[in-house]
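Before any comments, here is the structure.
Coordinate-derived values only; no laboratory data. Because the structure is a prediction, the values reported are computed rather than measured. Heads up, the Cβs are rebuilt from the backbone with ideal geometry, glycines too, and the neighbour counts pull from every protein chain shown.
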Amino acid sequence: MLYDRYVAQLPKLSGQPEEYYRFFNALTWFRDPALVQRTLQFAISSDVRTQDTGQLIGGLLGHPWSRDAAWTFVKERWDTLTKLLGTFQGIPGIVGRLGGFCARDKAADIRQFFVAHPVPAVERGLRQSLERVENCAAVAERQSPAASTWLASATH
């Protein structure tokens, strides 16, 4: 399987950062939900340097096909992540990628989570992410009826 071949390349490329990160970052592009879960588990394993954990999880948060699973993982493993990464290393990158959501219920979920798990070091980034989510949701709500009408008329 291609995914396994990519993971197998990583230890061989430790002295070649450009090649290493080409394979490492490619793991976030696999869409199969089982491989998304493997990548999330891999991100917090001892095989990944802590400075790279946030990058891998953030990459998964950046894709529509893995965003929900990655956010669920972050919430479920929050204590592990903050212990592993601290609040200044990978957490800001993870929080920044939460801005890829586009629904008011996701904004509410993110807000509620960080009210219960405050991280002063990421407050600004959190506000920016929430603003992006809410702006996207507002545009979607405003444009969906017009787009639906246009699509319905285009098929007749």
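By definition, a body whose alpha carbon gyration tensor gives a ≥ b ≥ c is oblate when a/c is 1.5 or more and a/b is not larger than b/c, and region 33-118 fits this oblate description.
Between Arg49 and Thr87, how high is the FRET efficiency from 1/(1 + (r/R0)^6) when r is the Cβ-Cβ distance and R₀ = 25 Å? Nearest 0.05. Plugging the Cβ-Cβ distance into 1/(1 + (r/R0)^6) gives 0.90. By the rule of a C-alpha distance below 15 Å, with chain neighbours fewer than 8 residues away ignored, the aspartates and glutamates paired with Lys106 are Asp68, Glu131, Glu134, Glu141.
What is region 1-56 by shape, rounded, prolate or oblate, if you read a ≥ b ≥ c off the alpha carbon gyration tensor as root eigenvalues and call it rounded for a/c under 1.5, prolate for a/b larger than b/c, and oblate otherwise?
Working: a/c = 1.79, a/b = 1.25, b/c = 1.43.
It is oblate, given that a/c is not under 1.5 and a/b is not larger than b/c.
Using only side-chain charges placed at the Cβ, +1 for Lys and Arg and -1 for Asp and Glu, the dipole size of region 60-156 relative to its Cα centre rounds to 160 debye.
Per DSSP H run of n ≥ 4, the term is -39500 (n - 2.57); total these for the chain, divide by its residue number, and report the mean residue ellipticity at 222 nm rounded to 500 deg cm²/dmol.
Values: 9 runs with 114 residues, N = 156.
After summing the helix terms and dividing by residue count, I get -23000 deg cm²/dmol.
At full extension, Arg38 and Leu151 could sit 36.9 nm farther apart than now, given 0.36 nm per residue minus the alpha carbon distance.
Classify region 5-156 as rounded, prolate or oblate from the Cα gyration tensor: take a ≥ b ≥ c as the square roots of its eigenvalues, call it rounded if a/c is under 1.5, otherwise prolate when a/b beats b/c and oblate if not. Don't skip to the end; give the middle numbers.
Details: a/c = 2.59, a/b = 1.43, b/c = 1.81.
It comes out oblate by the Cα gyration axes.
Against the chain, whose longest principal axis is taken from its Cα atoms, helix 123-154 shows a tilt of about 50°.
For a Förster distance of 25 Å, can you work out the FRET efficiency between the beta-carbons of Ser144 and Lys75, rounded to the nearest 0.05? The computed FRET efficiency comes out at 0.35.
Contour minus end-to-end for Gln112 and Asp4, with contour as 0.36 nm per residue of separation and end-to-end as the Cα-Cα distance? Write out the running numbers ahead of the final one.
Values: separation 108, 0.36 × 108 = 38.88 nm, distance 3.68 nm.
So the chain would gain 35.2 nm between Gln112 and Asp4.
Using 1/(1 + (r/R0)^6) with R0 = 22 angstrom and r between the beta carbons of Glu18 and Val119, what's the FRET efficiency to the nearest 0.05?
Numbers: r = 32 Å, r/R0 = 1.45.
Using R0 = 22 Å, I get an efficiency of 0.10.
Region 77-156 and region 1-71 have Cα centres separated by 21 Å. Packing, taken as the mean count of other beta carbons within 10 Å per residue, orders the peptides 128-136, 19-27 from highest to lowest as 128-136, 19-27.
If contacts are Cα pairs under 8 angstrom and at least 6 residues apart, what is the relative contact order of the chain in percent? The value is 17 percent.
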